[in-house]
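Visitor: Submitted below is the structure of interest, expressed as structure tokens.
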Amino acid sequence: ISVYTLWLLRADAIKSGLEMSAFLARNFSDHLTQSLRVTELAATHAVSSENGQLNLSQIEKNFVLILRHSPHLRSLSLLDESSRIIVSSNPGNQGVAVATKDFYPVTTGGQSALRIGPPCAGRDIADVQAARHPMPAYASESLLPVTQGLVAGGRNLTLLVALNPDYFVNHMSIQFDSKAGSVEVLRLDGLRLMATDPALNGGEKAGESAKKLPFNDLEFDQFEQSLQDERPVLTAFRVSPLYSFAVVTHVQRDHALRQWLTET
């Protein structure tokens, strides 16, 4: 009877750990998705035109106003047809050419989708270091570039949003103790965008355990697995319903079984 009772208690503890992991994945995914969606709508609305002509000075003012109330942003910019910044909330970004070939998903023809680039070392677009993948571990500041195509003033332009990964990492770390586990945000092609574990570099491909996650088949899932260092974890992931990323949470199995060990 004692062994059977302990087995039931352990199964309940594992189940509770998986449910907590799934809850955190859903919570963080919703927060990141909503932040991106609100930014996308506000910035697109801020690109104004008068009599078919772009009003660049007004666009800059609108971008600056959005930035004041958005700690998750580094800057907002607008690219012309040659992928060069023509107006930005940061005047220092003016005239900088932005390469978007590594952005995901890949679009063809007249498709317009929000595309996520690899993390870059630097405070803003103007001082981004030469592309390095993975991003240097010593980088004290980083940004995550995101683009969205739009038509304004009769021109095909591109909205460039420089996200502040530190804001989202801090938000996740506050709600999820590092001793209990870790959180990763991955592009659907497996590129790591950010993580609460400082040992995991943004801009590098996720490990073998993450590569096996069925992002293309399931919107969310939860299960037990072992990470690269053989640590047993309770993993859950949730794919954003709007954008090409997924949030993956890993709850340490030992942490989930602490109360069970006490009962044992």
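Visitor: Which length gain, in nm to one decimal place, applies between Asp127 and Gln34 when the Cα-Cα distance is subtracted from 0.36 nm times their residue separation?
Guide: Using 0.36 nm per residue and subtracting the Cα-Cα distance, I get 30.7 nm.
Visitor: Could you tell me the accessible area of His255 in Å² (1.4 Å probe, neighbours in place), rounded to the nearest ten?
Guide: 50
Visitor: Place a point 7 Å from the Cα of Ser2 along the Cα-to-Cβ direction; which residues of region 230-264 have their backbone N under 12 Å from it?
Guide: Only 264 pass the distance filter.
Visitor: Then there is this: Sum up the charges of everything whose Cβ sits under 11 Å from the Cβ of Ser77, counting Lys and Arg as +1 and Asp and Glu as -1, but leave Ser77 out.
Guide: Every neighbour counted, the sum reads -1.
Visitor: Another question about this same structure. How high is the relative contact order of region 10-100, in percent, with contacts defined as C-alpha pairs under 8 Å that are six or more residues apart?
Guide: Relative contact order for region 10-100 comes out at 15 percent.
Visitor: From the list (1) 81, 34, 34; (2) 63, 37, 34; (3) 58, 37, 35, can you say which value of Cα extents along the principal axes in Å was derived from the structure given?
Guide: (1)
Visitor: Now for a separate question. So if R0 is 51 Å, what FRET efficiency would Gln228 and Ser57 give, r being the distance between their Cβ atoms, rounded to the nearest 0.05?
Guide: Working from the Cβ atoms, E equals 0.50.
Visitor: Another one. State the volume of the convex hull built on the alpha-carbon positions of region 65-123, expressed per residue in Å³ and rounded to an integer.
Guide: 115
Visitor: Under the rule of -39500 (n - 2.57) per DSSP H run of 4 or more residues, summed and divided by the residues of the chain, what mean residue ellipticity at 222 nm is obtained, to the nearest 500 deg cm²/dmol?
Guide: Rounded to the nearest 500, it is -10000 deg cm²/dmol.
Visitor: What number comes out for accessible area per residue over the chain if the probe is 1.4 Å? Units Å², please.
Guide: 51
Visitor: Return one quarter of the surface area of the convex hull spanned by the alpha-carbon atoms of region 7-131, equal to its mean projected area, in nm².
Guide: 11.3
Visitor: Using alpha-carbon pairs under 8 Å, 6+ residues apart, how would you state the relative contact order of the chain in percent?
Guide: 22
Visitor: Among 79-92, 157-170, how do they line up from the highest to the lowest mean number of other beta-carbon atoms within 10 Å?
Guide: In decreasing order of mean packing, 79-92, 157-170 become 157-170, 79-92.
Visitor: Additional query: Arranged from highest to lowest average of other beta-carbon atoms within 10 Å per residue, in what order do the peptides 37-43, 258-264 appear?
Guide: Ranked from most to least packed, the peptides come out as 37-43, 258-264.
The values are calculated or read from the model by the stated rules, or taken from the named source; none is laboratory data. This is a predicted model, so every value here is computed, not measured. Glycine gets a Cβ as well: all are built from the backbone with ideal geometry, and neighbour counts include every protein chain shown. Areas reflect the complete protein model, heavy atoms only, side chains present, ligands, DNA and RNA absent. Shrake-Rupley method; radii C 1.70, N 1.55, O 1.52, S 1.80 Å.
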